[in-house]
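S.K.: Take this structure, written in structure tokens, and hold onto it; I'll ask about it next.
The values are calculated or read from the model by the stated rules, or taken from the named source; none is laboratory data. Quick caveat, the model's predicted, so the values are computed rather than measured. Cβ: placed from backbone, ideal geometry, glycine included. Neighbour counts: every protein chain shown.
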Amino acid sequence: MMFFTFVAAAARQSFRMSKYKVFVMRHGEGAWTKENRFCSWVDQRLSEDGVKEALACGHLLKEAGYHLDVVFTSLLSRSIHTAWLLLEAMEQEWVPVVRTWRLNERHYGALIGLNRAEMALNHGEEQVKQWRRSYDLTLPPIDESHPYFLEIYNDRRYSTCDVSKEDLPKSESLKDVLERLQPYWDGTIVPEIKRGKLVLISGHGNSCRALLKHLEGISDADIVNVTLPTGTPILIELDENFRPTKPMQLLGDQEAIQAAIRKVEDQGKVKQTT
Ligand SMILES: O=C(OP(=O)(O)O)[C@H](O)COP(=O)(O)O
């Protein structure tokens, strides 16, 4: 198996002993990826390619000999289906799958449903990159006039959260995502890892970026240049204090991974090259 090395500031100089491993991955490709629309809290399912990606991840981890103990997902179907397919391919379907809104994708507010290439045409590619990738830029909130407002907030799943529906986000920066995710990481996921469990997080492009920023100590400036491909497990090794002991590794064919990253970056361009 080949490994891609993603150099992060905190990990670069580290020679500490690894005590824990955790997998973080963005779900397989979603149905709206082909339409190039901001999906976010809209509950789109996996595309046919997304299903294949999730199964391929499972085969990869099975061939590498991993035995998962628990998988954490968001409340969105594409994240949950990825977990199911991955566990099926690993023949580890019995492994518990735990869902939380705190792993949901970044709430893209009023931008939900809009086409990225059209946005780039109207506002410029650099502006779209800032909207997509900057750390503390908050987007205009979704309101009741938005075509997906009721579909999102009337959904029964959001009455099961540890905050009231009224207190759920209406738009988020990546910083906001980390702020709602970190209590769950610290309070629920870390204790499982400390118990010796091998955890996989099946999240989203930006909920995973927020977590990686925290774990890898990526700066506010550098996180702008971190883009995650769909359906690619990222292995993180941590010491006893949960600091990374080596650069995180995106597992799989490295050329294919680079092409997949470029494809996601290109979504914010007027003309797609891939
Ligand atoms: O739903 C989304 O991400 P997801 O496919 O990881 O769930 C977002 O629309 C990702 O958009 P971005 O790559 O422009 O941040």
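S.K.: Cβ-Cβ distance below 8 Å, separation of 6 or more or different chains: which pairs start in the stretch 64-84 with a residue that is modelled with pLDDT under 95 and end on one that is within 12 Å of the ligand (Cβ to nearest atom)?
M.R.: none
S.K.: Related question: Looking at this structure, is L178 in a helix (DSSP H, G or I) and touching a strand residue (DSSP E or B) at 6+ places or on another chain (Cβ under 9 Å)?
M.R.: The answer is no for L178.
S.K.: Kindly indicate which of L235, L174, L200, L211 is surrounded by fewer than 22 Cβ atoms within 10 Å (Cβ to Cβ) and at pLDDT 95 or above.
M.R.: L235
S.K.: While we're on this one: From the list Y108, Y148, which one is surrounded by 16 or more Cβ atoms within 10 Å (Cβ to Cβ) and either touching a residue at least 60 places away in the same chain (Cβ under 8 Å) or among the β-branched types (V, I, T) (or both)? Spell out how you get there, then give the answer.
M.R.: Values: Y148 fails: surrounded by 16 or more Cβ atoms within 10 Å (Cβ to Cβ).
Answer to the selection: Y108.
S.K.: Here is a further query. Go through the stretch 84-123 and count every residue that is part of a loop (DSSP other than H, G, I, E, B) and within 14 Å of the ligand (Cβ to nearest atom).
M.R.: 8
S.K.: I would also like to ask the following. Among (1) under 14 Å from the mean Cα position of the chain (by Cα); (2) modelled with pLDDT under 95, which single condition is Q13 missing?
M.R.: In the conditions (1) under 14 Å from the mean Cα position of the chain (by Cα); (2) modelled with pLDDT under 95, Q13 misses (1) alone.
S.K.: Moving on. How do the pairs read when you match residues in the stretch 124-143 that are among the β-branched types (V, I, T) with residues anywhere that are within 11 Å of the ligand (Cβ to nearest atom) and in a loop (DSSP other than H, G, I, E, B), using Cβ under 6 Å and keeping only pairs 6 or more apart or on different chains?
M.R.: V128/G268
S.K.: Continuing with the same structure: Pick out the one residue from I261, I193, I257 that is closer than 21 Å to R102 by Cα and not polar (S, T, N, Q).
M.R.: That would be I193, the only listed residue that is closer than 21 Å to R102 by Cα and not polar (S, T, N, Q).
S.K.: Take the residues in the stretch 46-81 that are over 15 Å from the mean Cα position of the chain (by Cα) and part of a loop (DSSP other than H, G, I, E, B), then tell me which one is surrounded by the most Cβ atoms within 10 Å (Cβ to Cβ).
M.R.: L68
S.K.: Specify the residue that is farthest from the ligand (Cβ to nearest atom); the eligible residues are those in the stretch 199-226 that are part of a loop (DSSP other than H, G, I, E, B) and closer than 21 Å to G30 by Cα.
M.R.: V226
S.K.: I've got another one for you. So which residues in the stretch 15-31 are closer than 19 Å to Y148 by Cα and near the ligand (Cβ under 7 Å from one of its atoms), if there are any at all?
M.R.: Matches in the stretch 15-31: G30 only.
S.K.: Among the residues of the stretch 47-83, how many are away from the ligand (no atom under 16 Å from the Cβ) and among the hydrophobic types (A, V, I, L, M, F, W, C)?
M.R.: Kept after step one, since they are away from the ligand (no atom under 16 Å from the Cβ), are these residues of the stretch 47-83: 55-56, 58-71.
So of that shortlist, the ones also among the hydrophobic types (A, V, I, L, M, F, W, C) come out as 55-56, 60-61, 64, 68, 70-71.
Residues flagged as away from the ligand (no atom under 16 Å from the Cβ) and among the hydrophobic types (A, V, I, L, M, F, W, C) within the stretch 47-83 amount to 8.
S.K.: Residue pairs, Cβ under 8 Å, 6 or more apart or interchain, first in the stretch 10-36 and polar (S, T, N, Q), second within 10 Å of the ligand (Cβ to nearest atom) and modelled with pLDDT of 85 or more. List them.
M.R.: T33/C39; T33/G50; T33/T230; T33/Q267; N36/R116; N36/Q267
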